[in-house]
Amino acid sequence: KIIKGDSYNVYVYPEDHAPPHCHIRYKNDEAESVVGLPLLNLIAGKPVPKPIRNVLSNKINELTKAWTQLNPNN
């Protein structure tokens with residue numbers, strides 16, 4: 001878990017497939033969003049609410065660093 005929000009958590013998984021991305025899992029339902037890094041483009045799932053997109057944008061360096069460390073072969 002890279003970011004813990006009130007209604008969501010953001011994950012970067014080790015040995016994940018390219019392209020670089022993060023997973024947003026929402027606590028109030030079973031929905032998930034997959035967002036590309038570093039452009040924050042929606043790859044799959046439900047659209048990311050603007051407040052969460054803002055958090056991702058502010059943490060983009062942390063997210064991309066996590067991807068690089070956990071997925072050195074991608």
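Going through Pro49, Pro72 one at a time, which residue ends up being open to solvent by 70 Å² or more (accessible area, probe 1.4 Å) and out of contact with any Ser or Thr (no Cβ under 6 Å at 6 or more places or on another chain)?
Pro72
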In this structure, does Ile24 turn out to be assigned to a strand (DSSP E or B), modelled with pLDDT of 95 or more and not acidic (Asp, Glu)? yes
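Yes or no, residue by residue, for (1) charged (D, E, K, R); (2) touching a Ser or Thr at 6+ places or on another chain (Cβ under 8 Å); (3) surrounded by 14 or more Cβ atoms within 10 Å (Cβ to Cβ):
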site: Pro14; (1), (2), (3): no, no, no
site: His17; (1), (2), (3): no, no, no
site: Cys22; (1), (2), (3): no, no, yes
site: Tyr26; (1), (2), (3): no, yes, yes
site: Val55; (1), (2), (3): no, no, yes
site: Asn61; (1), (2), (3): no, no, no
Looking only at the stretch 4-11, decide whether some residue is part of a loop (DSSP other than H, G, I, E, B) and out of contact with any Phe, Trp or Tyr (no Cβ under 7 Å at 6 or more places or on another chain). yes
Hits in the stretch 17-74 - residues which are within 18 Å of Asp6 (Cβ to Cβ) and free of Cβ contacts under 8 Å to residues at least 12 places away in the same chain: Asp29, Glu30, Pro49, Lys50, Pro51, Asn54, Asn58
Against the condition at pLDDT 95 or above, among the hydrophobic types (A, V, I, L, M, F, W, C), within 10 Å of the chain's Cα centre (by Cα) and part of a helix (DSSP H, G or I), how does Leu63 come out, does it pass? yes
Could you tell me whether Val35 is in contact with a strand residue (DSSP E or B) (Cβ under 9 Å, 6 or more places away or on another chain), outside any helix (DSSP H, G or I) and open to solvent by less than 60 Å² (accessible area, probe 1.4 Å)? yes
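The values are calculated or read from the model by the stated rules, or taken from the named source; none is laboratory data. Only a predicted model underlies this, so the values are computations on that prediction, with no experimental measurement involved. Note: ideal-geometry Cβ built from the backbone for every residue, glycine included; neighbour counts use all protein chains shown. For accessibility, only protein heavy atoms count, side chains too; no ligands or nucleic acids. Shrake-Rupley method; radii C 1.70, N 1.55, O 1.52, S 1.80 Å.
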